[in-house]
Structure formats: structure tokens, C-alpha cells
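Shown next, in C-alpha cells, is the structure this report addresses.
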Amino acid sequence: ILEIGSNDGYLSEQFLKKGHTIKGVDPSKFMCQLAQERGINTYNNFFNTETSKMIKEDYGLVDVILANNVFNHANDPLDFALGVSNSLGDGGLFVFELPYLLFTIKDKKFDQIYHEHVTYFTVKYAYNLLKQCNLQIEKVDIVDYHGGSIRVFCRKVSHVQLKPSIASMISKEEDLGLFEQSTYDRFMKNITEDRNKLMIKLYNLKSIGRPIVGVGAAAKANTFLNFHKIDNSVLDCITDASEYKKGKYTPLTRIPIVGDEVFSEYNSVLALILSWNITDALKNKIKNINDKVAFL
């Protein structure tokens, strides 16, 4: 088994415990070190066809390749897919998961659009890309992660066929207008209107002296903040659990990043959750610190 974008090796370790042979690939030197400590032999590289040749030379062909929230980060998706095909034995399985553009557009989740997300996947795009590499989509699951993602199961075959269930998903995407310019013009108009309404609300609250604290200094938060032009004149600070973010500032908007414990310093405070994909966990954590917090 090969995991691409294996991070600290947590997922790979679960397969190792089951007795499987698993290797990782990750571009972060620090994450590779953490994975090695778990016993996961990890290549410190971006995954592409060149990396696949190196892995193939060292270990031969693999049976399963996993890639969670990394395929859409590749600067050259076709090169990435060719690397996958090059690494898999005949009939081998490729499973990847990433945010689904259909939900991004339908639910106006524009904050998922940022520098690391190079490509925005539909099932139609995935099918047309993968068939060039002899990778056939067997099924696609819809999962809740990131507010709606697809988990795609593919096999390496000699001749790619379009399964009826996959054709049905593509038809739905076309019916929803995912490949029409007007859909994205309307999307931009809608999120701009939403921005204006939110800013009226925030400025009214600031004008009566209400403190507002952001929660979650994630990449999606920075897209949200900069699109709205919400800076340190609007938010007192942003909280985050990561020790690597505390003491720093959000890009351009210059909002100080602090720990969640800051909520204990307020008698009355409003919280704006920016890492909305983990809202419930964040609300519970903050309520345990200060049960008087009101969430916007």
C-alpha cells in the first residue's frame, strides 16, 4: 500500500497494525520525520511520475494507493494520475478523497478556494482525467468531510468503461450547470451580497462596543477574511489550537492569533467560527471555557 500525502503517518500506521506493508510520500520533511517515528518508511517528495519511478524501482508495483485531500493540490493533475497508474499493478486500487465542487458551488463554500487547492474536482473531470491513465472509476461515495467531499474508487484496467452510476452523477453535474459560465457569475453575485449583509451586521456590533473573536486560523479562514476585508479593526483576535500559529498574525488582515483560553478573559463576547467544518467540536470546547459566549 502507498499513501500519497501521508502527513505524520497516522492513517498509514492503521494499515501497518493490520499487517500490511505500507509506504508514504510527503513533501514536508518534518512530517516525514514524525511518520518515520511511527515506523512508516516515507519518501520526502512531492508525488509525480518521477517519484513513482523511484518507488517502483525500490519496491515494485503496489496493490493500493491512497490519497486524501492531496490530488487537488497537485500542480499537474495528469502527471499525478500517470504516476499513480505507473505505480499500480493490473487491477490495483486507487482511492482518493477531496472537496466536491458541486457542494462548493451549491452551498456557497467559496472559502475552500485558495492557493493549495489548485484543481476543483467534479466526477466528470475525474473520469476524463483518469481514463487517460487507464484508471476506471468503479464507484464514488459522498462523504461529509469539508462540508461535502467525494471519495473515488478506481482500478487500473486495460480498457476504461463508464459505469452507469458514474454517468448518472455526471448528468446531475451537467443539469446543475457546473460547466456553464452563468453558474459562476451567479455564484459571485450571491457571495458578494452575503458579504455585504454580514459586514453591516459586524459593523453594527462593533459600533456598540461588542468584542468579536474569530475561531480557527485555517487556510479557508484567510480566504473568508480577505474577501470580506475583515481585519484587526473588526476582530479582536483569532483563536487556534496549533502552537505553530499562536503568536503570529493572519496574512494581510493582520489579526493576532492566540489560544482558545482568551475567551476566559471576556464577560461578554461574540465568536465567529471560521473553521466551520469542525463547528460542533469548537463550540463545545469554547463553551467549556466561557459559557457566556454567543456565536455569530
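Some points to look at:
- Hits in region 59-104 (condition: of a type in the set (Val, Ile, Thr), crowded, with 20+ Cβ neighbours inside 10 Å and closer than 24 Å to LYS172 by Cα): THR104
- Within region 127-139, residues that are under 14 Å from GLU173 (Cβ atoms) and of a type in the set (Val, Ile, Thr) sit with their Cβ atoms under 8 Å from residues that are open to solvent by less than 60 Å² (accessible area, probe 1.4 Å) and not in a helix (DSSP H, G or I), at 6+ positions apart or across chains, in these pairs: ILE137/VAL152; ILE137/PHE153; ILE137/CYS154.
- Hey, ARG155 within 15 Å of LEU296 (Cα to Cα), charged (D, E, K, R) and in contact (Cβ under 8 Å) with a residue 40 or more places away in the chain or not: no
- ASN69 being of a type outside the set (Gly, Ala, Ser), touching a helix residue (DSSP H, G or I) at 6+ places or on another chain (Cβ under 9 Å) and on the phi > 0 side of the Ramachandran plot: yes
- HIS115 being buried (at least 18 other Cβ atoms within 10 Å of the Cβ), under 26 Å from LEU274 (Cβ atoms) and not hydrophobic (A, V, I, L, M, F, W, C): no
- When region 255-281 is filtered for residues that are farther than 20 Å from HIS228 by Cβ, at pLDDT below 95 and among the hydrophobic types (A, V, I, L, M, F, W, C), the ones remaining, listed by number, are ILE278, ALA281.
- Qualifying residue in region 202-220 (condition: in contact with a Ser or Thr (Cβ under 7 Å, 6 or more places away or on another chain) and on the phi > 0 side of the Ramachandran plot): yes
- The residues of region 125-157 that are over 18 Å from ILE65 (Cβ atoms) and open to solvent by 40 Å² or more (accessible area, probe 1.4 Å), listed by number, are TYR125, ASN128, ILE142, ASP144, TYR145.
- So ILE170, is it over 30 Å from ASN48 (Cβ atoms), in contact (Cβ under 8 Å) with a residue 24 or more places away in the chain and open to solvent by less than 30 Å² (accessible area, probe 1.4 Å): no
- Among all positions in region 30-43, there is at least one residue which is in contact with an Asp or Glu (Cβ under 6 Å, 6 or more places away or on another chain) and among the small types (Gly, Ala, Ser).
- Residues located in region 17-58, provided they are exposed (fewer than 13 other Cβ atoms within 10 Å of the Cβ) and among the basic types (Lys, Arg): LYS17, LYS18, LYS29
- Residue that is farthest from ALA217 (Cα to Cα), among those in region 69-120 that are among the charged types (D, E, K, R) and outside any helix (DSSP H, G or I): ASP90
- Qualifying residue in region 136-148 (condition: of a type in the set (Lys, Arg) and either modelled with pLDDT under 95 or part of a helix (DSSP H, G or I) (or both)): no
The values are calculated or read from the model by the stated rules, or taken from the named source; none is laboratory data. As the structure is a prediction and not an experimental result, all values here were calculated from the model. All Cβ positions, even for glycine, are placed from backbone atoms using ideal geometry, and neighbour counts span all protein chains on display. Protein only, heavy atoms only, side chains kept; ligands, DNA and RNA dropped before computing areas. Shrake-Rupley method; radii C 1.70, N 1.55, O 1.52, S 1.80 Å.
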